[in-house]
Amino acid sequence: MIVLGIETSCDECSAAVVRDGREILSNVIATQIELHKPYQGVVPELASRLHTEWIAQVVEAAIAQAGITKKDLDAVAVTSRPGLLGSLLVGVSFAKCFASALHIPFIGIDHIRAHLYASQIENPLEYPYLGVLVSGGHTVICRVDGYDKVEVMGTTIDDAIGEAFDKVAKFYDLGFPGGVVIDRLSKDGDPNAFLFPGPTLDRNEHPYDMSYSGLKTAVINQKDKFRSEGAEDTPENIAASFQRQAVGILMRRVRKALKDTGLKRVSAGGGVAANSLLRSELKALEKGGYTVTFPSLKLCTDNGAMVAGLGYMYLRDGLRDDSHLSASARVSAFKKA
Ligand code: KG4
Ligand code: ZN
């Protein structure tokens, strides 16, 4: 089954052609990063306008690069939630029309589940496993029992981890998108130059929940309070010290969740799963006997391949949506553990 996947939930306009959920024939990602750069953040109105202008060409390019024609497509999958509503609407409307014109089924896909599925494309992992979804909009630790069976164990109670990277980078004028820049600068910084605090959440009631706004505020407003003696106040040191704690907050919950659940497999996804420190800390779990997977860098950030891949799973199981499907900015109801 050949599925066209469309992703327009934020600032990447992407379309991909994937065969049988795993074989990526094309994955075209037209990023709007340069156009949002002057604002150091994604401007929703600008994002949806650019998606409207680009979507047809991006889909044409994905089909051409896959070496197929429209007639070879068996179905269309599209991100329908959550995300920026105007941006989602462009992809959903396009997918509906495209599928209807070709008389093929289409299905709306949950962006969070798609990020969690991304690593399955390249490195299939047996269920169940601990899912770690870290992006600009979400920070979720969950138990994953199947492509559609996600049980949330913990989430951020305020900022998402990627959002914290982006806001710190924006405040210090380091560049956009912040996560990539902080990751790069950190390589030349001392992670102990500033000893930024982690959150003090009620560990008993919400053992896997996270908070990033306190760390962000400490880095932005109170950095001198946390500077180690003799440490230099450089962008590299701020970046490395922030990154150490941002990843630390997550990893402490991940380790606890693994211990408590007895799960032996872990898989990460989302833009922040591209972070080199997080990847090495997750990889280090392998020494303790865990199996760890994450997507290649291109499949960490938003892309159409993960949408087509997950779409295939639903379609294979006989599921599809009708023309009433609408986009939604909100996170769908996940079962809370
Ligand atoms: O998954 P994604 O493309 O979009 C959302 O669904 O949010 O994630 C984008 C986020 C941004 O916050 C970006 O700064 C972050 O992922 N990011 C990184 C890295 N690459 C992208 N954060 C930390 N380190 C990276 N290398
Ligand atoms: Zn995303």
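Brief remarks follow.
- So V247, is it within 16 Å of ligand 2 (Cβ to nearest atom), assigned to a helix (DSSP H, G or I) and surrounded by 19 or more Cβ atoms within 10 Å (Cβ to Cβ): no
- Test result for V42, in the same structural domain as R316 (by TED's automatic domain parsing) and under 28 Å from D317 (Cβ atoms): no
- Lone unmet requirement of (1) open to solvent by less than 30 Å² (accessible area, probe 1.4 Å); (2) more than 10 Å from ligand 1 (Cβ to nearest atom); (3) on the phi > 0 side of the Ramachandran plot for G289: (1)
- Of all residues in the stretch 117-149, those that are within 16 Å of ligand 2 (Cβ to nearest atom) and either within 17 Å of M210 (Cβ to Cβ) or free of Cβ contacts under 8 Å to residues at least 12 places away in the same chain (or both) total 11.
- Subset of the stretch 93-118 (residues that are surrounded by fewer than 19 Cβ atoms within 10 Å (Cβ to Cβ) and within 23 Å of the chain's Cα centre (by Cα)): S93
- Flag if G269 is in contact with a Ser or Thr (Cβ under 9 Å, 6 or more places away or on another chain), surrounded by 24 or more Cβ atoms within 10 Å (Cβ to Cβ) and among the small types (G, A, S): yes
- Filter pass, A284 being at pLDDT 95 or above, crowded, with 18+ Cβ neighbours inside 10 Å and under 26 Å from G179 (Cα atoms): no
- The stretch 222-244, residues that are crowded, with 18+ Cβ neighbours inside 10 Å and of a type in the set (A, V, I, L, M, F, W, C): I238, A239, A240, F242
- Single unsatisfied condition, Y312 versus (1) at pLDDT 95 or above; (2) within 16 Å of ligand 1 (Cβ to nearest atom): (2)
- Members of the stretch 292-307 that are aliphatic (A, V, I, L, M) and more than 16 Å from ligand 1 (Cβ to nearest atom): V292
- Selection within the stretch 32-73: residues that are surrounded by fewer than 15 Cβ atoms within 10 Å (Cβ to Cβ) and of a type in the set (A, V, I, L, M). The member of this set that is farthest from L85 (Cα to Cα) is A64.
- Residue in the stretch 170-182 that is farthest from ligand 1 (Cβ to nearest atom), counting only those that are open to solvent by less than 30 Å² (accessible area, probe 1.4 Å) and under 8 Å from A239 (Cβ atoms): V181
The values are calculated or read from the model by the stated rules, or taken from the named source; none is laboratory data. The structure presented is a predicted model; accordingly, all values stated were derived computationally and were not measured. Cβ atoms come from the backbone with ideal geometry, glycine included; neighbour counts cover every protein chain shown. These accessible areas exclude ligands, DNA and RNA; they are computed on the full protein's heavy atoms, side chains included. Shrake-Rupley method; radii C 1.70, N 1.55, O 1.52, S 1.80 Å.
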